[in-house]
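Trainee: This is the structure I want to talk about, given as structure tokens.
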Amino acid sequence: MYIQYYKERSEFLKREMEFKVYGHAGPVCLAFSCEGGRFYDWEDRGLVGSLGFLIDAGRLRLVCADSIDGESWLADGEGRARAEMQERWFCWLTRELAPRVHEVCGLPKDEKLLTAGISLGAGHAANLYLRRPDLFGGAVCLSGSYTARGWFGDYADDLTLRNSPADYLRLVSAARLAEFTGPFLLCCGQGPYEDRFLSETKAFAASLDAKQLPVSVDLWGADVTHDWPWWQKELAVLFPRMLDALAALKTE
């Protein structure tokens, strides 16, 4: 497998940020770990390996990005500072990392990226797709948390709303909804430690359906836990489905 590692300065975050690229050809997916995760988690925890059959075949490239969750969603302290840190990270992703990924992967400027994530990372992926459909053309979200309320407590402001797809979805206009044409896949288990994430997945899916935004929802069995071995299996099922959906859109 062809792998590239980068550590580059972000002007939005005023620090060096790390990311890793897996694969040599195919659509490019920006991927996120669970809360507090690092760019190497997908590799260390077997998620890259579970998609190796697609990556090695040139059907997919993964870009695993670092988070700053420990300074935003997971941090203690004043809510506004945490929300501002999250928004600066979002700006790094969309205004610095996304163009850099296009450059590194040799993509045309108008080619959209995909995005994927697990747990809180699934919320990040959904947020990217819904806030920037000009940059992202599909998302796979596993065992996701889609609102800032469970992480910021009673604190709420304009920035927490901007990063809470389950909350701002009601404000999205019909014209904006027409921009979402790519595959949007949600998945969650129904076993141990999935209770909160299952509830959020169902509520988010209902809100998407009410907005008539195309979404596919997979609820796996009562034995499926909130853990890496199951996420490996889910990704191996869902990514081929997403790639097939993208191929079908191109032929329309």
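Trainee: Going 7 Å from the Cα of ALA210 along its beta-carbon direction, which residues of region 140-173 have the amide nitrogen within less than 12 Å of the resulting point?
Mentor: 166-172
Trainee: Averaged per residue, what accessible surface does region 95-252 expose to a 1.4 Å probe, in Å²?
Mentor: For region 95-252, the solvent-accessible area averages 43 Å² per residue.
Trainee: With a point put 7 Å past each Cα toward its Cβ, work out how far ILE3 is from ASP218 in nm, to one decimal.
Mentor: Simple spin-label model gives 2.5 nm for this pair.
Trainee: Looking only at LEU47, LEU161, LEU171, which one moves most when the chain is put into a Gaussian network model with springs between Cα atoms under 10 Å?
Mentor: Among LEU47, LEU161, LEU171, the largest GNM mean-square fluctuation belongs to LEU171.
Trainee: Of the trypsin sites (Lys or Arg not before Pro) in region 53-161, which ones lie in a loop per DSSP and count no more than 11 other C-beta atoms within 10 Å? Let's see the in-between values first.
Mentor: Numbers: sites: ARG59, ARG61, ARG80, ARG82, ARG88, ARG95, ARG100, LYS109, LYS112, ARG131, ARG149; in loops: ARG59, LYS109, LYS112.
When the trypsin sites (Lys or Arg not before Pro) of region 53-161 are filtered for loop state and at most 11 Cβ neighbours within 10 Å, LYS109 remain.
Trainee: If amide hydrogens are placed 1.01 Å from N in the peptide plane, which non-local residues have theirs closer than 5 Å to the one on ASP157?
Mentor: Counting only residues 5 or more places away or on other chains, the set is empty.
Trainee: Another question, then. When DSSP beta bridges are limited to those with both residues in the chain, what percentage is antiparallel, rounded to the nearest 5? Kindly include the intermediate steps, with their values, before the conclusion.
Mentor: Numbers: 12 of 33 bridges.
Antiparallel bridges: around 35 percent, rounded to the nearest 5.
Trainee: Please identify the GluC sites (Glu not before Pro) of region 56-128 that satisfy two criteria: DSSP loop assignment and at most 13 other Cβ atoms within 10 Å. Which are they?
Mentor: Qualifying residues, ordered by number: GLU78, GLU111.
Trainee: Report ³J(HN,Hα) in whole Hz for each residue of region 86-99, in order, from the Karplus equation J = 6.51 cos²θ - 1.76 cosθ + 1.60 where θ = phi - 60°; Gly and Pro get x.
Mentor: These are the phi-based 3J(HN,Hα) values: 4, 5, 5, 5, 4, 5, 4, 4, 8, 10, 10, 5, 4, x Hz.
Trainee: Another question, if that's okay. Counting only protein heavy atoms and a 1.4 Å probe, tell me what percentage of region 158-252's accessible area is made up of carbon and sulfur. Intermediate results must be reported in sequence, preceding the final value.
Mentor: Details: 2630 of 4730 Å².
On region 158-252, the fraction of accessible area on carbon and sulfur atoms equals 56 percent.
Trainee: Sticking with this structure for a sec: Please work out the ratio of the alpha-carbon Rg of the chain to 2.2 N^0.38 Å and round it to two decimals.
Mentor: Normalised Rg, Cα atoms only: 0.94.
Trainee: Provide, as a two-decimal number, the C-alpha radius of gyration of region 1-98 over 2.2 N^0.38 Å, N being how many residues it has.
Mentor: For region 1-98, the normalised Cα radius of gyration comes out at 1.16.
The values are calculated or read from the model by the stated rules, or taken from the named source; none is laboratory data. Note that the structure is predicted; figures quoted are calculated from it, not measured. Don't worry about glycine lacking a Cβ; one is built from the backbone with ideal geometry, like all the others, and counts go over all protein chains shown. To get the accessible areas, we keep the full protein, side chains included, count just its heavy atoms, and leave off ligands, DNA and RNA. Shrake-Rupley method; radii C 1.70, N 1.55, O 1.52, S 1.80 Å.
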